[in-house]
Structures are given as C-alpha cells and as structure tokens.
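*Asks:* Here you go, one structure.
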Amino acid sequence: MNNKPQINDYLRTTDFPTIWCPGCGHGIILKATLRAIAELEIDKDDVIAVSGIGCSARTPAYADFNSIQTTHGRALAFATGIKLQRPDKYVILFLGDGDCTAIGGNHLIHAARRNIDLTVILMNNMIYGMTGGQVSPTTPIDMYSSTTPFGNIEPPFKICDLAIAAGATYVAKSTVYHVNDLKTAIAQGIVHKGFSVIECLDVCPTGYGRKNKFRETKDMYDRLRDSSVPVKKAKSLDEAALKGKNVIGILKNVDAPEYVEQMLAMTEAAKKKTAKDYNLLNVAPKNGDSSVDLKIRLSGSGGQGLILAGIMLGEAAIMAGKNAVHSQSYGVEARGGASRSEVIVSDNEIDFPEVATPDVLLVLTQQSCNKFVPTVKDGGIVIVDSTLVAQVPATTAKVYRIPITRIAVEEFESEIVANVIALGALAKITGIAPIAMFESVVTSRVPENTRTKNISALHRGYECVE
Ligand code: SF4
Ligand code: MG
C-alpha cells in the first residue's frame, strides 16, 4: 500500500466547481503546487496559504490548508506577520500579477530585501482578470486590454529580475505549459530557507486571450511553449536570439541569513539584555513591586523633548522588570507642532502599542491639554505644566499643576531640562521604578556635559510632587 500523500488528500472540494473560466491556467498552478507538497510529504496542517484579491486569490479556497484571503496587495504583509508568529509552518502565497506587483509591489521588494522565509507563487497572466481585464504591470508592450484599447505602451516589469535585484534568495520562472518544471520549481521554492519567488506564466483566456486575438485557448498555451527557453540553453544564446523569449528554470538559489530566524535570535538576546544593560548605575531591583498596567501619554509640542522622556520612562520600567512599549507621533514641524509620546508599562505581555485612554497624561501646552484631557480614563491622573497651561477642561482625573517650564528656566537656566523635570514627576506619580533607575537611564541618555544638571532636574521634578 502506498502511504505517500496524493494530491486529492490536499484538495478542499466543498467549493467545487471552481470559479475559474474554462482554460484558465490557475488550476494548473494549484495542481503543480499540490503535487510539489505531496512529493515533499508535507502535512496539510503545516501549510498556511495566503492570498490577496483577484482570480488567483481563490486558489487557497480549493486546498485544505490553513488559509487566509487578505486585502488587495497586502497578502505579503499578512504573511510576514503569520510567519513571525508561526515560523514552524510553510507559508505559501498565491498572488496575481496585479495584486503582487502593482498594489503590493512595495511589499514584494521589501519581503525580498528581508529574505523572509515565504514562498510566493506569482500567477502572472499579464492582466487583471477578475476586475475586467485591465492592463497590469506585466502586460507586454502593444498588447490589448480593457484599458489599453490601442495597445499597451508601458514596458512590463521583469518580475524575476526585480525579485533578484531586491534580494530574494530563490527565484524561478516557469509556465502553465511546463507542468513538471513548474512543480519542481515550486517544490524547491517551498523547501528553500528564505524568500522564494516562483513566477508562473499563466493563461487568462477571458481577460487577455479574447482581447489579443488568440483564436483558441490552446494557442495561448502553445505561445508559452514556443516562447520559452530553458535557462541552461539561454546561456548559449545571444541577445538577439533571446529577444521576446522567456528564460525559464531556476534563476537564483543562494543561502543568506533568514529574517525570522534573525528576528527571533535578536528578540531572545534583547530579553536577556534588558534590565542589566540599561542599569548603568547598578541599581538593585526593588523586591515586592506591586503589579503594574499603566498607559501613559506625554503630550506637548515638537522640541520639548517628550519623545526622549517617553523612551526614558519605558527604559526605567524595563529596568524594573516590567514590559514596556513606546510609540510616538508628531507634526511635520521639527519644532512647535503637536507632539505625542506614549508608553505602556505592564507586568503582562503587551499586544498593542497604542494608547487610546491614558491612565496618566502629561500636558505641556494648552493645545494638547484641550485635546487630550477628555481622553483620560475616569479617575486617572493629569500632570499639567502650569507655566504654559492656563485652563484645564473639566475632568474626573486628579490634576497635578507643576510649573515645569518656570522651574527649568529659573532654577536651571535652560528650558531644555523641562522634559527631565517632567520625567521626575512621572517617576514619583507612577512609581513604576525607583528613582535610582530613572537616574541610570538619564545618565545613559543625555550628553556627558549635561549629566549633572539633568540628574538634578530629575530629582527636582520628583520632589515637586506632594
Ligand atoms: Fe482565469 Fe482570467 Fe477567468 Fe480569472 S478571468 S478565472 S484569470 S480566465
Ligand atoms: Mg493577473
């Protein structure tokens, strides 16, 4: 008895018959992929199939893998997240030429640049099929489409050249005529450790064939046969002989560091580093810290140093053994525009870095006060720079009014330390780490010649809070 998997073992027939038109090449690509997976004896539960939008995007519907259909052009972004979460799975993408090289073109080049272990099966039928036969980035010159009724004047992308130049480590090209070669190219791409692109020259009789006067579907397949040259043979041909030909075969297959492996190794290293490496002053961690789960927003204008203050707040929390994430946003102006720095500190894993409803809000301008005080959690905390903020909107939060900027100017002769005074106040109010850990972070972050002044400013802010 033959226990090897057969392609039928991988089919999902509940959605049969397929939506594909008679003669469409997509079914051939699906079958070639299933043959490759069967020969590799990969368990169907170990495959995650990802697609975008278009006729190609229906492919995973007919295979019994874990599968996800995503938004137009974004399949590679989804697949990147999936692979980072499940590096043990084979993540295979079925993408059309429009989906992958127009809407998703940037995702393609960046996935290639990263060398992430994904397999892209690029179903290139040189047209937008499902949406009505519009010209795509791979439609050849002079060919007709619903949007190029007088012929296409745009030179097409050479997908394999693009993938190679962007850094893909496995690149192959085949056609729906050369079914065995296609299967082999896909199989090698699946087992390759790194970013694999298999360009499958495909056939769309409905959107492309009819417009371009192919009398029969078979003529399109014959065209693929007659225009293809194996890569080995192509090496002996000159430019003139190769004009208009498709060079098929394995075009690139090299080893290079893979993105997810590097990311996981770096994450492990970072986990080991955190507390020790930030703790320049060798502050002993405090025992018995109470559980923390705080969302903190620092808001003001560009140039007030709130981004750095947020980073330092997060680093002190990490030093104290917490998890912390920081995110930031600011206006187009380097100085004077709105600026926002957000920190989440928690004893638990933090899934999402955005702060919608802060527990603690620091405001250093009237504008940010008006905008963000209403967002503070009921019973939260607002720290206001009373030098710059005259009015605080009605709130259930506890409000601390501290003349941060006036202290900076009058006592330190420099507005620049206002952010560190504010950090000192935040250290006291949040209690997320001992002040000595904040000292350590400030020491590592500010220029050496301003260290003493900044440490004094930190303590001054800490002492401001009653
Ligand atoms: Fe295939 Fe073209 Fe029909 Fe889409 S429109 S199913 S690509 S033949
Ligand atoms: Mg297409």
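*Asks:* When Ala112 is evaluated against the numbered criteria (1) within 17 Å of the chain's Cα centre (by Cα); (2) of a type in the set (A, V, I, L, M); (3) within 26 Å of Lys31 (Cβ to Cβ), which criterion, by number, is the only one it fails?
*Replies:* Every condition holds for Ala112 apart from (3).
*Asks:* Scan the range 210-256 for residues that are of a type in the set (A, V, I, L, M, F, W, C) and either outside the structural domain of Leu182 (by TED's automatic domain parsing) or out of contact with any strand residue (DSSP E or B) (no Cβ under 9 Å at 6 or more places or on another chain) (or both) and jot them down.
*Replies:* The initial filter retains those residues of the range 210-256 that are of a type in the set (A, V, I, L, M, F, W, C), namely 214, 220, 224, 229, 231, 234, 237, 240-242, 247-248, 250-251, 254, 256.
Across the range 210-256, the qualifying residues are Phe214, Met220, Ala240, Ala256.
*Asks:* Considering each residue of the range 92-106, count those that are surrounded by 24 or more Cβ atoms within 10 Å (Cβ to Cβ) and more than 16 Å from ligand 2 (Cβ to nearest atom), and give that number.
*Replies:* Residues in the range 92-106 being surrounded by 24 or more Cβ atoms within 10 Å (Cβ to Cβ) and more than 16 Å from ligand 2 (Cβ to nearest atom): 1 in total.
*Asks:* Let me ask something else about it. Is there any pair with a first residue in the range 20-40 that is on the phi > 0 side of the Ramachandran plot and a second that is polar (S, T, N, Q) and within 16 Å of ligand 1 (Cβ to nearest atom) whose Cβ atoms are under 9 Å apart and which are 6 or more apart or on different chains, and what are they?
*Replies:* Short answer, once both residue conditions are applied: Gly23/Thr206; Gly23/Thr217.
*Asks:* Residues to consider are Ile68, Ile29; find the one that is surrounded by fewer than 22 Cβ atoms within 10 Å (Cβ to Cβ), of a type in the set (A, V, I, L, M, F, W, C) and under 30 Å from Tyr208 (Cα atoms).
*Replies:* Sole residue among the options that is surrounded by fewer than 22 Cβ atoms within 10 Å (Cβ to Cβ), of a type in the set (A, V, I, L, M, F, W, C) and under 30 Å from Tyr208 (Cα atoms): Ile68.
*Asks:* May I pose another question? Please go through the range 80-99 and pick out each residue that is farther than 27 Å from Gly132 by Cα and either in contact with a Ser or Thr (Cβ under 9 Å, 6 or more places away or on another chain) or of a type outside the set (Asp, Glu) (or both).
*Replies:* Scanning the range 80-99 gives Thr80, Gly81, Ile82, Lys83, Leu84, Gln85, Arg86, Pro87, Lys89, Tyr90, Val91.
*Asks:* Follow-up. Could you identify the single residue in Val260, Val254 that is farther than 30 Å from Lys322 by Cα and within 37 Å of the chain's Cα centre (by Cα)?
*Replies:* Answer to the check: Val254.
Each row is one residue, and each column tells you yes or no for (1) within 21 Å of Val441 (Cβ to Cβ); (2) assigned to a helix (DSSP H, G or I).
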{"residue": "Ile311", "(1), (2)": "yes, yes"}
{"residue": "Gly314", "(1), (2)": "yes, yes"}
{"residue": "Leu362", "(1), (2)": "yes, no"}
{"residue": "Pro374", "(1), (2)": "no, yes"}
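*Asks:* Related question: Tell me the strands (runs of 3 or more DSSP E) entirely within the range 166-246 that contain at least 2 residues that are over 21 Å from Pro156 (Cα atoms) and modelled with pLDDT of 95 or more.
*Replies:* Numbers: elements: 170-175, 196-201, 228-230.
Strands (runs of 3 or more DSSP E) meeting the threshold: none at all.
The values are calculated or read from the model by the stated rules, or taken from the named source; none is laboratory data. Note that the coordinates shown come from a computational prediction; the quantities given were computed from them, not determined experimentally. Methodologically, a virtual Cβ is constructed for each residue, glycine included, from the backbone with ideal geometry; neighbour enumeration extends over all protein chains shown.
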